[in-house]
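The block underneath contains the structure these notes are about, expressed in structure tokens.
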Amino acid sequence: MHCVGKRPETNERSPKREDAKKGKMTQLELNYETDNLFEQLTATNTLRLGFKAVKANGGSPGVDRITIEEYGKRLDEELDRLRVELMSWTYKPQPVKRVEIPKPGGKIRLLGIPCIRDRVVQASLKLLLEPIFDPHFSESSYGFRPGRNQEKAIKAAQKIVNTGKDYVVDIDLSNFFDRINQDRLLERVKLKVKDKRIIRIIGMTLRSGVMTQGTLIPSDEGAPQGSPLSPLLSNIVLDELDQELENRGLEFSRFADDCNIFLNSRKAGKRVMESVTKFIEKRMKLMVNPEKSRVAKAKHISFLGVTIFMGEIVISGKSMERAMAKVKELIPRRTHKPLKSSIKEINDWYRGWSNYYKITQYPSQLAFIEAHMRRRLRVRLIRNMKRRRTIAAKFIKKGVRRRVVRKTVFSNDGWWKMSRTYAAHTAFPNRWFAEQGLFTRSRDRLRHWFDVKEWIMIS
């Protein structure tokens, strides 16, 4: 069911470039001559900037177990040693530490965490290489680029769909970072970087190996997802795909390896899917996942967690399901954890989740998640009272009429059904949870939102 509403009026100013943010100005002072990049890489100032970037990103230590804080305490000494090793070519990147991150559906994402010293070198390389490559990347590429993000990729997709191209070729690359062809990647870097010493350093970084459970595994393909340099390298690889799509006159929006191509018909979509898949697999030496790639209407496609439905941005059905599952995990019906501790855990998750998904134009989706949080908390509060006489006394003390209490508490209804009754809402109203510190987002009244009463259901 969908209630149609007018698009809210916006007075948003045109976006300004974010290159002049704090920390960016220092980068502009570097000299980006591609034939002497190695001298710039080994400059103490460049390595110090690299460490600042590593420190800002945080993260866990690599295989040597040295933390960012420990490295920073003896920074001058470490940078001097690193500079000498680079200039004398005694520098050798250590293997990356394998970390497994759970994904929805029971699958895992494999990350590679380099040591701090190697992260400093890679972050320094990124500072030097990004200004060389980024200006030549496609305007339809939004991932891991200065001044670009998921929101801009989503809004670009929305703009294309609203022109009438509402059939989407949704291409999913299978284990993209693990399948990058290193030789082809280095050849593409050579097109704009003439300093062969930089190419050699990148090659050493790519082939440093992976340490998992004490075993060293050679890395003759792929780029470790989790290193400072891999996002830029991935864009260098996928820029070949962007150029091919632009040469064909196709409209698309890409964020990292998540690429949607927009067309006028299903027939055209199937033709493009077949030809683009052939290009990716034969030319780029990558693999398309046929199970996750498909051609469908925009309203059936999830792009970066959202769906373009009737021309509007809404949280996708899968994202809503995962959020509901997360709420259930964070608020079990039976637990002895203090309420304040539970609310802190919920807030820590929901602030981040809602900060991303506030891009939806339907705040009712956020209100739905928040209502589910409160209901599960009510169930827990009621269950923890154990005896129905205790529940009745508590409800009466909180101002619920005795007749309503008797009818509600001493019925045959279970805890879950009781949590939705008038008595439960009167005893523990929404404002009570706000007083306990439970965070809500749906009342922010952002300019791009419809009224919170407008409801939309996405399957």
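The values are calculated or read from the model by the stated rules, or taken from the named source; none is laboratory data. This structure is a prediction, so every number in the text was calculated from the model and none was measured. Note: ideal-geometry Cβ built from the backbone for every residue, glycine included; neighbour counts use all protein chains shown. The area values use the complete protein model at the heavy-atom level, side chains included, leaving out ligands, DNA and RNA. Shrake-Rupley method; radii C 1.70, N 1.55, O 1.52, S 1.80 Å.
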If you average 1/r over every pair of different alpha-carbon atoms in segment 206-252 and take one over that average, what Kirkwood value in Å do you get? 12.8 Å
What is the packing order of peptides 375-382, 232-239, taking the mean over residues of other C-beta atoms within 10 Å and listing the highest first? 232-239, 375-382
Cα axis of helix 75-88 to longest principal axis of the chain: angle in degrees, 0 to 90, nearest 10? 40 degrees
Which FRET efficiency, nearest 0.05, do N430 and R388 yield, Cβ-Cβ r, R0 35 Å? 0.90
Starting at the first residue of segment 174-191, write each ³J(HN,Hα) from the Karplus equation 6.51 cos²θ - 1.76 cosθ + 1.60 with θ = phi - 60°, in whole Hz, x for Gly and Pro. 6, 6, 3, 4, 7, 10, 4, 7, 5, 5, 5, 4, 5, 5, 6, 5, 4, 4
Computed over the chain: relative contact order in percent, which uses C-alpha pairs under 8 Å that are six or more apart: 17 percent
To the nearest 20 debye, what is the magnitude of the charge dipole of segment 203-362 about its Cα centre, counting +1 on the Cβ of each Lys and Arg and -1 on the Cβ of each Asp and Glu? 900 debye
Cα pairs beyond 23 Å in segment 253-396, in percent, come to 54 percent
How many percent of the alpha carbon pairs in segment 364-409 exceed a separation of 15 Å? 52 percent
Rounded to whole Å and sorted largest first, list the principal axis extents of the Cα atoms in the chain. 85, 58, 44
Restricting to aspartates and glutamates and to Cα separations under 15 Å from K344, and discarding same-chain partners fewer than 8 apart, the set is E329, E370, E435
Please sort 389-396, 68-75, 335-342 by packing, taking for each peptide the average over its residues of neighbouring beta carbons within 10 angstrom, highest first. 389-396, 68-75, 335-342
The answer for the chain, accessible area per residue at 1.4 Å probe in Å², is 54 Å²
In whole Å, how far is the Cα centre of segment 139-209 from that of segment 334-406? 43 Å
So what is the calculated 222 nm ellipticity per residue for the chain, using -39500 (n - 2.57) for each DSSP H run with n of 4 or more, over all residues, to the nearest 500 deg cm²/dmol? -14500 deg cm²/dmol
Considering only protein heavy atoms and a 1.4 Å probe, what is the carbon-and-sulfur percentage of the accessible area of segment 302-343? 55 percent
Once you've got the Cα coordinates, tell me which of K155/K358; K337/K417; K103/K453; K152/K194; K103/K417; K165/K453 are over 21 Å apart. K337/K417; K103/K453; K152/K194; K103/K417; K165/K453
Part-to-part distance (alpha-carbon centres) for segment 63-79 and segment 227-300, which is given in Å: 40 Å
With the charge dipole of the chain built from beta-carbon charges (+1 for Lys and Arg, -1 for Asp and Glu) about the Cα centre, the Cα from Q365, I198, Q94 projecting farthest to the positive end belongs to Q365
Suppose every Lys and Arg Cβ carries +1 and every Asp and Glu Cβ carries -1, with no other charges. What dipole size does the chain come out with about its Cα centre, to the nearest 20 debye? 4060 debye
